[in-house]
Each structure stands twice: as C-alpha cells, then as structure tokens.
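To start, the structure under review is shown below, and the notes come after it.
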Amino acid sequence: MNLTFQILSGAILRISVCGREVNMSKELVVVIDFGGQYNQLVARRVRECNVYCEIYSYKTDLEKIRAMRPRGIILTGGPNSCYEKNAPTCSPELFRLGVPVLGLCYGAQLMSLVLGGRVERADAKEYGKTEVHVDNASPLFADVPEDTICWMSHNDYIAQMAPGFRAIATTANCPVAAAECAEKRLYAIQFHPEVLHTVEGSKMLYNFVRGICGCGGDWRMDSFVEESVKNIREKVGEGKVLLALSGGVDSSVAAGLLSRAVGRQLTCVFVDHGLLRKNEGDEVEAIFGEGGQFDLHFIRVNAQQRYYGKLAGVTEPEKKRKIIGEEFIRVFEEEAKKIGTVDFLAQGTIYPDVVESGLGGESAVIKSHHNVGGLPDYVDFKEIIEPLRNLFKDEVRKVGLELGIPEKLVFRQPFPGPGLGVRIVGEVTAEKVRIVQDADAIYREEIANAGLDREMNQYFAALTNMRSVGVMGDERTYDYAVALRAVKTVDFMTAEAAEIPFEVLQKVMSRIINEVKGVNRVLYDLTSKPPGTIELE
C-alpha cells in the first residue's frame, strides 16, 4: 500500500479500469450538459440504441471533444435563457467539427442563436404534453407519424432560424418546434425526445444516432463483460484486490466481474454495519461466502455496535452519510492490514452516482454517495478500480445476468450505500433499526404476495421521527409513524409515487401495527421526485 490518494472537492482522485481508457466501443456520442434535469436520461436513451455515450459539461474544452472523435453530439436542455448575459454557451466551432449535432430545448435555442438566428421570450409558454406536426421527410423523423405527442418545457422560442435551416416541426404556438440544416447535419428540437411523454422520442433519438450519425450499435453488455475482464486482468496482474461488498446489485455485480477476471486474488469485505434490511447480512454471506458460487475470498465484519456508537446523537443527513462512508474506509484499511499487501481498492460506483455527486456534467450536487463523495481525506491503497463506473443501473443488471448471477440478486430492490441510516429520520439507534427492518420486511413481503414487486422500481418502509398518540388494546400509546414509499421511474432522477391498491396498503398497515412493536401509525408517501428525493434523507 505505497500510494495515497487525496480527496479533491469531495471525491476520490480515482483510476477507473472501465473509464475512457478502457471503453471498447469505437462509437461515441457526446452529451454536452447545460444544466438540464434530463441529462442522464438523454444518455440512457442513446445507450438503449446500443450506442455508447458520455456526459460532459459545456465548459469542456473543444479540443478535448475533438480528440474524442465522437460520431455525434447532443446538446441538453437547461434552465437559462440563452440570450441572457453569462448564460451557458458554446463556440460556433462546435458546429464545424464535421459531426452531426442535435440540440434539445435550450440546446436547440443555443444552436440557433450561436449560428445567427434569433431567440426571444415566448408570448405563450408551452409546458407538458403537446401535439406536434412533424415533417417525416426529415431523416430525424423517419417513420414518425406526422402528428405526434411531445413533451414541451420552454419559455423561449426560436423567433428566426439560423441561415441554412428550415422548420421540420410546428405546434399551435411554436412555428419552429424543430429545425434542420441537412447539409451540415445540424438538428434543433424544441421539445424533449428523451422523456417517456414524447411518444416517438426513442425513435427520434434512434434516427439521430443510428441513422444520421451512422452508428452501428456496438455497445452491448456481452462485449462489455469480455473486454472488462480482459482489461481488469491486465491492470491487476498478480496484485490483490479488495472490494467493498454490500450485497446490493452494484457491488455484487462488481464482485462477479472481478471474480471472473482475477479469481481468488479478490477479497470481498462485507461490512455488516447493522443498517441492512432484515436478515440481509446472512443472505449475503450465503451467496458470497464459503460454498457460494463465486471464486473469491470473503470476509464478514460485524461492526454494528461500532456504527451505532459513531452515529449516536447525529441527526443531520449528510453528516450521517459521511460518518458511514468514513467507517467503511476505516474498516477496509484495518482488514487490508490483516491480510497483507492490497494493491487495488474496488468499488461498485455507477454512472448516476458520479453525476448526482457533481462529478459529471453541470448538474448540482444532490447528495453524496458513500462510494463517490463523503469519504475521508486519505485512502491508503495503490489504485482504485471501478468496473461499473460508466454504467447505468439497467446496464449493471444486464451485466449481472451475463455473469450468471441469480435473478433474485440482480433484480434486488435498490438500497442506498448508507443503508437504513438514511431511512431513519433523525438519530439512528439499534431500536429504530429493528423497527424499520421489521416494518420493511412486512411491506416487501405483501408487495410480492400481491404480484406488484416488478411493477414498481423501488419500494421500502422508512421510520419517521414523528411520534403520535394512539390507542391499542384500550390503552394509550405514544409510538412512531412508519412511512411507506413506492415509486415508478425510468432513470431514478425523476420519479412518481406508485398507485398501490388500497386493500394492499390496508393489509400492510394492519400487519405493521400489530406485529412491529413501537409503531402505531402508518403513512404512505405520495411525493414525486422532484420536489422530493426517493429516499427520505
């Protein structure tokens, strides 16, 4: 352990074996972020076309973009007006790189302004589902019906197109809902094709990346696994790897990938911090421990009391996250010293972790993640390997299936790195952990019994910090309220509360109140994201 890595701006200075240097795809589409809320969704939609893409800030040097030799560029939406002073902008040279460019909403307006058009405040704002008439003679709208529903979200509009452009879509209030300069392969769309509300949005993006950009679609998970295994072996050589194994989808898939690459050179340290779901510690050990299907060294560290002690009296969510993250690393360091030389620290970081933590694009920091931000100042390992760093959650699941990991584990409910620490509002205690574990187990069991487990993207029970008066068995109680959460989402950046049948909620409520000591009230959280987050903290 002869090299120290220092935290910079809340993030590890990391070396990734699956970053730019290992990207096996020769086809790259660059998504340039202007602060839009859908930047990740744009990237995911492109990857659904089997085309690799990455998100970069609009501040990225143009020569860096040129050196990547992208097959296409997409400009995202953003909250600003492009004609305002200090608004995010780009150089006209971006449109002279000789590659197709697609501007979405703000990106469309900026393209028009930079190339000599005019953008003005609209008399009538357009927001929500809007009927759009498209010219399907344009390659962007090939096989798209002439009249279709799209998602609009804009206050400005293209008052005058840039020279060489023609309108290829209109709405009742927007004469230039889309425009093209076919000669230069430049396209501007006022609406958002990346969201599900745009009915033919996926087809439009497919037309751009596979048709206009000429991408063949070589981004597939079987190829990713093969290339990643090869590069991990080359990177690690005879070295030893230590992985933070939580038992969640991300770290489990990372373990499977690393195990295939380096076998018993991999040691997985599973830290049972006492903040896992009910019985989850034993389930993780059964899968990865002795006699399991993976060829690796497995160490379980029972650190429940250590964590409860560190968290005593702490109520602020970010402070709790940082404490939990720091203890993870401290435990790893201690275990590394016990097992001897450790050359590489592996983590199950995925792309949304990077973007949400403010390390990619222009998005604001929403929260720190234990494997991206909130770590201590120094990490005493030679290098860091993050084999899933550039993957979205759905891609991680596909990799897991390619590796032969059981579906039950691959499709396990998402679970935050800090565990129940962010599903318990306020101070974390052993008693509160017991309450939320028992309530959550009942909730998940009844959701599965009702056949709803695959209809929702994430669901769990959380413990509020609210206590209220109740009556049970003719006696007065003063106990906690449990909040049930269930959401539907595509990208986990936006989400809507799921509509669970009332009889299912009633059954869950009845069981929790009758079976979980310390609870006398059950609530259902209807909040969408935004304005809320999926987790309570």
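The values are calculated or read from the model by the stated rules, or taken from the named source; none is laboratory data. Everything quoted here is computed from the prediction, not taken from an experiment. Neighbour counts run over all protein chains shown; Cβ positions are idealised from the backbone, glycine included. When the accessible area is computed, the model is the full protein with side chains, heavy atoms only, and any ligands, DNA or RNA have been set aside. Shrake-Rupley method; radii C 1.70, N 1.55, O 1.52, S 1.80 Å.
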- Across the stretch 100-148, the tally of residues that are touching a helix residue (DSSP H, G or I) at 6+ places or on another chain (Cβ under 8 Å) and part of a helix (DSSP H, G or I) stands at 5
- Message: I'd like the full set of residues that are over 21 Å from Lys240 (Cα atoms), open to solvent by less than 60 Å² (accessible area, probe 1.4 Å) and part of a helix (DSSP H, G or I), limited to the stretch 266-305.
- Response: Glu280, Gly281, Val284, Ile287, Gln304
- Answer with yes or no whether Gly263 is in contact with a Gly (Cβ under 9 Å, 6 or more places away or on another chain) and either farther than 30 Å from Leu463 by Cβ or buried (at least 17 other Cβ atoms within 10 Å of the Cβ) (or both). no
- Message: List the residue pairs whose Cβ atoms are under 8 Å apart, where the first residue sits in the stretch 508-524 and is closer than 11 Å to Ala481 by Cα, the second is of a type in the set (Asp, Glu) and open to solvent by 40 Å² or more (accessible area, probe 1.4 Å), and the two are 6 or more positions apart or on different chains.
- Response: Gly518/Glu431
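Filter the stretch 446-477 down to residues that are of a type in the set (Gly, Ala, Ser) and surrounded by 14 or more Cβ atoms within 10 Å (Cβ to Cβ) and give me whichever is farthest from Thr527 (Cα to Cα). Talk me through it step by step, then tell me what you get.
Within the stretch 446-477, the first condition is being of a type in the set (Gly, Ala, Ser), and the residues that meet it are 448, 450-451, 461-462, 468, 470, 473.
Next cut, surrounded by 14 or more Cβ atoms within 10 Å (Cβ to Cβ) only: 450, 461-462, 470.
Values: Ala450: 23, Ala461: 14, Ala462: 14, Gly470: 25 Å.
Filtering the stretch 446-477 for residues that are of a type in the set (Gly, Ala, Ser) and surrounded by 14 or more Cβ atoms within 10 Å (Cβ to Cβ), the one farthest from Thr527 (Cα to Cα) comes out as Gly470.
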- Message: Here is a check on your reading of the model: is Ser252 within 21 Å of Ile339 (Cα to Cα) and among the polar types (S, T, N, Q)?
- Response: no
- Item | Selection within the stretch 179-201 - closer than 16 Å to Glu146 by Cα and either among the polar types (S, T, N, Q) or touching a helix residue (DSSP H, G or I) at 6+ places or on another chain (Cβ under 9 Å) (or both) | Ala179, Ile189, Phe191, Pro193, Thr198, Glu200, Gly201
- Note on the structure: Note on Val428: of the conditions (1) in a loop (DSSP other than H, G, I, E, B); (2) among the β-branched types (Val, Ile, Thr); (3) within 30 Å of Asp343 (Cα to Cα), unmet is (3)
- For Ala188, state whether it is without any contact (Cβ under 8 Å) to a residue 60 or more places away in the chain and either open to solvent by less than 10 Å² (accessible area, probe 1.4 Å) or not acidic (Asp, Glu) (or both). no
- Assuming Lys59 fulfils every condition listed in (1) touching a Gly at 6+ places or on another chain (Cβ under 7 Å); (2) open to solvent by 20 Å² or more (accessible area, probe 1.4 Å) apart from one, which condition is it? (1)
- Item | Count of residues meeting criterion [open to solvent by 10 Å² or more (accessible area, probe 1.4 Å), at pLDDT 90 or above, closer than 30 Å to Lys488 by Cβ and not in a helix (DSSP H, G or I)] in the stretch 193-243 | 2
